[in-house]
Amino acid sequence: GAELLVHKLQRDGAAHISQENVQVDAKGHFSISTTTLEGSLVRNDLNVSLAGPGAHAELNGIYLLNGTTHCDNHTYIGHHVPDCTSDELYKGIVSDRATGVFNGKVYVKQDAQRTRAYQSNANILQGDHAKVYSKPELEIYADDVKCSHGCTIGRLDEKALFYLRSRGVSEVEARQLLAHAFTTDVLERIKNTEWKEYLTGLIDQKLDTL
């Protein structure tokens, strides 16, 4: 029944190498939100073990990269017992010569029946030299499960840009509006209102530079 909520913010030009290892026992709840706005080399390794019935893990991430920043997000969620749930949502906007990497794996043991696991990674590329590498993985040995994963990599919706421009919105403002909307569903998962407002302000400032 224990609960742990972690907010991690990376916003200076240094290298950030980190690893979190978490075991969630019966009816426990673990949630982490990782926001990367700056860093020369960033690597976030997150390993979560769901070890008791009713355990839940929620992993959320936003990475907004420009310049030559390289950011890796590597996640592993192990469903080791029945009746556990996990939900994972990472979104990134990458511009200039920056590189974003998402490698997320969900592992479901044979005995972990009635597992519910969802994983999603979405990315927007801005510029011809920005790079994103995405590798969502599911490894399932149980047969009574509901699991899904997926990734998208693309550019801002040109039709939406045209619509906003036709309504008198400048191109710069239109791109900022669409970029902000892209991150909204991740921000909405943050339950701490004060932190959400503070983080939204930082993200809006960062979007001005992309």
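Before moving on, here are some points about what is shown:
- Spin-label pair Asn192/Glu137, simplified geometry with 7 Å Cα→Cβ offset, distance in nm: 3.1 nm
- Electrostatic bookkeeping for Ala179 treats Lys and Arg as +1 and Asp and Glu as -1; over the other residues with beta carbon under 12 Å from its beta carbon, the sum is 0.
- Stretching Asp144 away from Leu178 to a fully extended chain increases their span by 8.4 nm, per 0.36 nm per residue minus the current alpha-carbon distance.
- R0 of 25 Å, Cβ-Cβ distance Ala160-Arg97: FRET efficiency to nearest 0.05: 0.45
- Partners of Lys27 within straight-line reach, counting aspartates and glutamates whose Cα lies under 16 Å from its Cα and excluding those fewer than 8 residues away in the same chain: Glu3, Glu58, Asp83, Asp87.
- Accessible area (Å², 1.4 Å probe, nearest 10) - Arg114: 100 Å²
- Pairwise Cα inverse-distance average, inverted: Kirkwood Rh of region 67-177 (Å): 15.9 Å
- Counting lysine pairs in region 57-210 whose alpha carbons fall under 20 angstrom apart, excluding pairs fewer than 8 residues apart on the same chain, gives 12.
- Based on Cα contacts under 8 Å between residues 6+ apart, region 3-88 shows a relative contact order of 31 percent.
- Counting only Cα atoms, region 45-88 measures 44, 13, 8 Å along its principal axes, largest extent leading.
- The angle between the Cα long axis of helix 193-207 and the longest principal axis of the Cα atoms of the chain comes to about 40 degrees, rounded to the nearest 10.
- For region 1-149, the solvent-accessible area of protein heavy atoms averages 42 Å² per residue (probe radius 1.4 Å; ligands and nucleic acids excluded).
- Candidates Ser86, Ser166, Ser134, ranked by Gaussian network fluctuation over the chain, Cα under 10 Å, top entry: Ser166
- Compared with the dominant Cα axis of the chain, that is its longest principal axis, helix 171-187 is turned about 10°.
- Rolling a 1.4 Å probe over the protein heavy atoms of the chain, with every protein chain left in place, gives an accessible area that is 50 percent carbon and sulfur.
The values are calculated or read from the model by the stated rules, or taken from the named source; none is laboratory data. As the structure is a computational prediction, the values presented were derived from the model and not from experiment. With ideal geometry, Cβ positions are generated from the backbone for all residues, glycine too; neighbour counts draw on all protein chains shown. Protein only, heavy atoms only, side chains kept; ligands, DNA and RNA dropped before computing areas. Shrake-Rupley method; radii C 1.70, N 1.55, O 1.52, S 1.80 Å.
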